[in-house]
1. Which one of the conditions (1) open to solvent by 60 Å² or more (accessible area, probe 1.4 Å); (2) touching a helix residue (DSSP H, G or I) at 6+ places or on another chain (Cβ under 7 Å); (3) not hydroxyl-bearing (Ser, Thr, Tyr) does residue 269 fail to meet, given that it meets all the rest?
2. Quick one: what pairs do we get from the range 288-305, first residue of a type in the set (Lys, Arg), second open to solvent by 10 Å² or more (accessible area, probe 1.4 Å), C-beta under 7 Å, 6+ apart or different chains?
3. Could you grab me the full set of residues in the range 134-167 that are of a type outside the set (Phe, Trp, Tyr), open to solvent by less than 20 Å² (accessible area, probe 1.4 Å) and not in a loop (DSSP other than H, G, I, E, B)?
4. Could you please let me know if residue 370 is charged (D, E, K, R) and touching a residue at least 12 places away in the same chain (Cβ under 8 Å)?
5. Given 2, 42, 22, which one is in contact with a Gly (Cβ under 9 Å, 6 or more places away or on another chain), under 17 Å from residue 312 (Cα atoms) and either of a type in the set (A, V, I, L, M, F, W, C) or open to solvent by 10 Å² or more (accessible area, probe 1.4 Å) (or both)?
6. Pull up the range 82-110, narrow it to residues that are of a type in the set (S, T, N, Q) and within 28 Å of residue 129 (Cβ to Cβ), then point me to the one that is surrounded by the fewest Cβ atoms within 10 Å (Cβ to Cβ).
7. Quick one: in the range 49-80, of everything that is hydrophobic (A, V, I, L, M, F, W, C) and farther than 22 Å from residue 119 by Cβ, which residue is most open to solvent (accessible area, probe 1.4 Å)?
8. Identify, please: which residue in the range 86-120 is of a type outside the set (A, V, I, L, M, F, W, C) and outside any helix (DSSP H, G or I) and is, among those, modelled with the lowest pLDDT?
Amino acid sequence: MALDLLHSVLRRHRPFDESLAAHSTWPGLSPRDRAFVRLLVATTLRRLGQIDAILAQCLDKPLTPKASAAEGALRLGVCQLLFLETPAHAAVTETIDALPRAAGAYRGLVNAVLRRVAQEGPALLETAPEIPTNLPDWLWQGWNAAYGEETARAVAVQHLREPPLDLTVKHPAEQSLWAERLGARLLPNGSLRLQDAGVVENLPGFAEGAWWVQDAAAALPARLLRGIAGMKVLDLCAAPGGKTLQLAAAGAQVTAIDRSADRLARVSQNLARTGLTATCIAVDAFNWRPPEPVDAVLLDAPCSATGTIRRHPDLPWIKRPAELAELPLLQRRLLNAAIQMTRPGGVIVYAVCSLEPAEGEDLIARAIEEAAPIERIRIGEGADELAELGAPPESITRAGALRTLPCHWSDQGGMDGFYAVRLRRR
């Protein structure tokens, strides 16, 4: 099963979450075994650079495409031996047993390589440092240019760790109450953080809709829309819906827009579970406009999602530079649509869970230079807003935007990388 999942990501370039969902009915696996398979594949993806560097030292020549099953098995075996601390006998035996029949000719090779790794593991690891080995060079160089090597290294270190589970509580006054009930840490922005949470649906408060899953950084952009009770607010590209729930909980008249009816169905399900209300419309934002301009728009635009690599360790290996280069054009079109949907004097929050300046800072600067009818509303100008927002102080940029990095709150488990800017429609 782990081999199938790994091939789905690396050979078919299918996102890890989609691959997991496709294998959700794993026959004969207990919940504990399923959790281990997920951890094994996720860790293999996080450490893929190191694993491949070690395998290169143990093989006389690279494996051919016909040996893809053996290569996948070796990757999983090395992961178990060096990063999951699986006993050597179990790791080697189980890896060989997992080889498909068609790859039987490689059993001896897999056995020999894994036994060598078991014996020489520490020495082999010294030759393959975790940073920057576990990142494609183009991504590492881009972060170096944007943030400097020290910060880029701190970001990459966080991406190697299993992320915690963050929750947003429906009623802020109950944050401490639910923190106690769940045994969670209350973060500065009001999010709750759990380690080893287990099955989300089994946690106290899920069935009654007291909270929803949402990374602490992802909870910040919606909070940039202040005093929205009773206002008409659009949530563009709304799925999976955490921000829709936040806006509705704040008393706004929310319309959630997403082009995917299936993804929007999840938003409706969470609205029903939490007892919150919003209008959900499955439509392409390029081709839709509200009956009249609204008071505010939250645009969490489709992006490279490089700020979420710690949650999606497949991203460095399925994304390509050419794909990322096309995204700013799409994002700018969506921003133009959001501007058209907003009344003069209304507020737009543009956000992306990307670490790439081309999708954030550079895009907004270019839009303003090209005379788009918008102007920045600086974030955190007063101590009151910064305290209410609860964002890391270092996440507020000189231009007055929000730029969270995975290394922020590193002593508390880190956070996703987000860029968000608040704009006024002129």
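1. (2)
2. Within 7 Å, the pairs are 289/340.
3. 139, 152, 155, 156, 158, 159, 166, 167
4. no
5. Criteria check complete, one pass: 2.
6. 86
7. 69
8. Ranking the candidates gives 100 first.
The values are calculated or read from the model by the stated rules, or taken from the named source; none is laboratory data. Quick caveat, the model's predicted, so the values are computed rather than measured. For neighbour counting, all protein chains shown are included, and Cβ atoms are generated from backbone atoms with ideal geometry for every residue, glycine included. These area figures cover heavy atoms from the full protein model, side chains too; ligands, DNA and RNA do not enter into them. Shrake-Rupley method; radii C 1.70, N 1.55, O 1.52, S 1.80 Å.
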